[in-house]
Amino acid sequence: MSHVMNTYKRLPVAFERGAGCWVWDTSGKRYLDGLAGIAVCGVGHSHPKLVRAISEQAGKLIHCSNLYQIDLQEKLADRMAQISGLQEIFFCNSGCEANEAAIKLARLYGHGLGVEVPAIIVMEKAFHGRTIATLSATGSRKVQAGFEPLVPGFVRVPFDDLQAVKRVGENNRSVVAVLVELIQGEGGINICSANYLQGLRDICNAHGWLLMLDEVQSGTGRTGKWFAFQQSGVTPDVMTLAKGLASGVPIGACLAAGKAVGVFKPGNHGSTFGGNPLACAAALATLSIIEEEGLMANAIAIGNLIREDLRAQLAGVSGVRQIRGQGLMIGIELDSTCDELVKQALAAGLLINVTDGNVVRLLPPLTMSRDEAQTLVSLLAPLIRDFLARPRSTEPVATGA
Ligand SMILES: *Cc1c(COP(=O)(O)O)cnc(C)c1O
């Protein structure tokens, strides 16, 4: 019996090594990685420059504590401020912690304005993490069930619905912030309309609310820009990052701009590990690899190629509802739950994921080549075709959120 606590229904495979977009299991079988450890290994597996940066830093100083000056943390914050346009950064170790920081910041900001019971607007189908506060902010009963009482102070509205946010603003004096993913990852690769972010910015400005973006999954180059919000000309007050930021060395970040700057004072928040020299060295190396190798442009080109190829190979297949995405954040929505595709892909030597029950999700390394992208589609499309051609064990899923 395993002594590891049973929180994951794991697939029966263990990986031993990786290189670029490929990983090898303990029996030597090779797999094309269409998931990158859930949007973590953006620069590909064991990139030599990343390995060198981590090894060199590990040989010098791994950890020292935020009780002291940390040069690499300063350097990383400078770099992240430069590429994001935000000003101040708090470092932690994961996406949920980054969102915890954002939630605490919003509450402190609200109290500073004299709001006694500050509330944050969150979205249906959102995913913000598994801590008690972030699962309360998450819009999925599956994530919340059994962990009540939930943390109060969240007001939920439908995603991509500006009118719903406006209505809350008219009736609720305790709102201090909006927290949203521009592309919902776990929720099924749901993309907001082009005017949504500007609309949210306007509403937030009108009420003095903080606009807080969870870019834990969409950030760090995945959508073809450093951050998904940069597709538009709108800047948030707060942004959270994690997943791809340090290529697998645990890191999270909460970035602040404008009225969110200076809200936290010494003693308000902290982290033992957050922003330690090792994690910062890995993040700095990740950011330079993305820039030097043109990986954002590659994410756009390869993302378009994968979507076009999939559309061509799945044209006319009934049961394929939509193929969507931005850069290398891709969803293929089918008309029925399709978890079994993950195992079939594994057997075929391809790593994919299914989210929200009926959406095949692809989050490959940003380094993926055209050949690898074509291999990915040629492995995946027949599996989807066969799956949809068979009588299905599950009821079709209703359209819409
Ligand atoms: C993965 C994810 C999180 C949670 O990150 P952890 O590192 O698992 O805590 C939060 N928000 C979004 C959008 C995510 O995709």
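Scaled against the 2.2 N^0.38 Å expected of a compact globular protein of N residues, the Cα radius of gyration of region 336-392 reads 1.13. Here the simple spin-label model places points 7 Å from the Cα toward Cβ, and for R30 and V155 these points are separated by 5.5 nm. Using 5 Å bins from zero, what percent of all Cα-Cα pairs in region 265-401 falls into each bin? Taking all Cα pairs of region 265-401, the binned fractions are 2, 9, 17, 18, 15, 10, 9, 8, 6, 4, 2, 0, 0 percent.
In a simple Cβ point-charge model (Lys, Arg +1; Asp, Glu -1; nothing else charged), the chain has a dipole of about 320 debye relative to its Cα centre. In plain terms, the residue of E16, E74, E293, E372 with the fewest other Cβ atoms within 10 Å comes first and the most crowded comes last, giving E16, E74, E293, E372. Once the C-beta distance of K166 and A315 is scaled by a Förster radius of 35 Å, the resulting FRET efficiency is 0.30 to the nearest 0.05.
Evaluate E = 1/(1 + (r/R0)^6) for E308 and S46, where r is the Cβ-Cβ distance and R0 equals 30 Å; express this FRET efficiency to the nearest 0.05. E(calc), rounded to 0.05, equals 0.50.
For the peptides 235-247, 166-178, the ranking by packing is 235-247, 166-178, with the highest mean count of neighbouring Cβ atoms within 10 Å listed first. Under 12 Å from a label point 7 Å along Cα→Cβ of A389: give me every residue in region 304-341 with its amide N that close. Hits in region 304-341 for A389 at 12 Å: 317-318.
Comparing mean-square fluctuations of F91, F147, F159 from a GNM of the chain with C-alpha springs under 10 Å, the top value falls on F147. Here the gap between Y68 and K142, fully extended at 0.36 nm per residue and compared with their Cα-Cα distance, gives a gain of 22.5 nm.
Amide H to amide H distances under 5 Å link M123 with V157, where only residues 5 or more positions off or on other chains count and H is placed in the peptide plane. Only helices enter this figure: runs of n ≥ 4 DSSP H residues, each worth -39500 (n - 2.57), summed and divided by the residues of the chain, yield -11000 deg cm²/dmol at 222 nm to the nearest 500. Between the residues N93, V51, L113, the greatest Cα displacement towards the positive end of the dipole of region 49-144, with unit charges on the Cβ of Lys, Arg, Asp and Glu, is found for V51.
A dipole drawn for the chain from +1 and -1 charges on Cβ atoms has a positive end, and of I306, F387, V216 the residue lying farthest that way is F387. Note on the chain: percent of Cα-Cα distances in each 10 Å bin, starting at 0 and stopping at the bin with the largest distance, equals 5, 22, 32, 26, 12, 2, 0. Here the extension length gained between S174 and L113 equals 20.9 nm, from 0.36 nm per residue of separation less the Cα-Cα distance. Beyond 23 Å, what share of the Cα-Cα pairs of region 1-97 remains, rounded to the nearest whole percent? More than 23 Å apart: 50 percent of the Cα pairs in region 1-97. Label sites at N195 and K259, each approximated as a point 7 angstrom past Cα along Cα to Cβ, lie 2.4 nm apart. With 10 Å bins beginning at zero, the pair-distance distribution over Cα atoms of region 226-302 amounts to 15, 39, 36, 9, 1 %.
Looking at the chain alone, DSSP beta bridges between its own residues are antiparallel in about 65 percent of cases.
Coordinate-derived values only; no laboratory data. On a predicted model such as this, the values are computed, not experimentally measured, just so you know. Virtual Cβ from ideal backbone geometry, glycine too; neighbours counted across all protein chains shown.
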